[in-house]
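Let me begin by presenting the structure, written as structure tokens, before commenting on it.
Just so it is clear, none of the values below were taken in a lab; they were calculated from the coordinates. None of these values were measured; they are calculated from a predicted model. For neighbour counting, all protein chains shown are included, and Cβ atoms are generated from backbone atoms with ideal geometry for every residue, glycine included.
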Amino acid sequence: MRRNNLLAAGMLTVLLATSACGSVTGVPNSSAQSSVSANAGIEATSTHDKSADAVGTTQRAAAEKVQAEAAAAAEKAQTAEKAKEAEAAAAAAADKKAAEPKPSSAPAAVPAPAAAPAVVAPAPKPAPAPVVPASSSERIVTTAYTTAYTWHDNTPAGSAIISHPILHKTAGGTGTYADPITIAVGHSKATGQSVLDFPAGTRIYLPSVRRYFIVEDTCGDGNDPQNGPCHQGVNANGTNSTIWIDLWIGGESMSASGANECASKVTDVHTAVFDPASNYAVAPGAGVIHDGICDAGYGNTLVKQ
């Protein structure tokens with residue numbers, strides 16, 4: 001190093017000067033000079049080594065300090081960089097979270113169910129007085145022989161007495177399903193009791209007069225009615241009939257001849273519906289004979305209301 005070389009040169013000059021002084025004064029001899037020179041060299045060497053060691057130690061300490069400071073600075077910079085990166089990452093996460101839609105604390109609205117279409121109830125139809133639904137056991141007979149009896153020729157004559165009242169106490173009715181007209185059928189007394197050919201209460205519809213009837217009376221007098229025409233009914237008067245029924249037509253409001261004329265008008269083979277539906281056409285007026293007329297002659301075609 002530059003500083004150590006200058007110190008060594010100075011020491012060498014001092015030694016040379018001392019040697020010269022000794023020679024002039026003669027204080028030390030050659031041996032003494034040699035000893036002095038040797039000691040001086042040792043001292044110079046020792047002095048040089050100590051100075052160099054001190055400088056090296058200082059430089060190393062300074063270098064180590066610089067290195068330590070540099071390492072500390074680097075570590076500080078690295079820590080600061082990491083803190084900056086962490087701060088940037090935290091800011092980015094906060095921005096991302098802020099950008100996400102926040103869940104609503106309120107419950108999700110449930111869509112209201114679609115309103116059902118308003119149902120308008122049809123206006124109730126006025127029902128005719130008691131109408132019974134159509135029967136599934138309806139039976140149509142096209143070979144029924146029909147006759148009629150009146151108030152004038154009933155038994156006893158001049159009365160409306162009946163043998164098996166169901167809806168009426170005496171022969172009557174208007175002809176509707178709810179209020180059918182009394183009709184008489186054949187019967188038998190072979191067992192000692194009167195047994196009707198068709199049970200009392202059986203409904204029958206006759207399109208020829210457009211009215212409903214109900215079995216409430218018997219056709220045939222005497223002890224053996226089963227031998228009479230109403231019970232037999234087969235091929236009555238050569239008409240190829242299969243049954244015989246006798247309908248009440250009233251007639252108390254007119255003469256016997258007038259009533260008999262109406263009875264003749266309804267006598268023939270006609271269609272008859274047993275256990276009929278309730279919706280067949282019914283002619284206006286109370287009974288076959290009403291308001292002085294004989295309401296018959298509609299034919300055998302079944303017409304529904």
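Worth a mention:
- Cross-link partners of LYS189 among aspartates and glutamates (Cα-Cα below 15 Å; sequence separation of 8 or more within a chain): ASP197, ASP217, ASP221, ASP224
- Residues whose amide H lies under 5 Å from that of GLY250, counting only those 5 or more places away or on a different chain, are TRP151; hydrogens are built 1.01 Å from N in the peptide plane.
- 14 Å tail of the calculated P(r), the range 254-305, as % of Cα pairs: 60
- Taking a sphere under 12 Å around the Cβ of GLU75 and counting the other residues whose Cβ falls inside, with K and R at +1 and D and E at -1, yields a net charge of 0.
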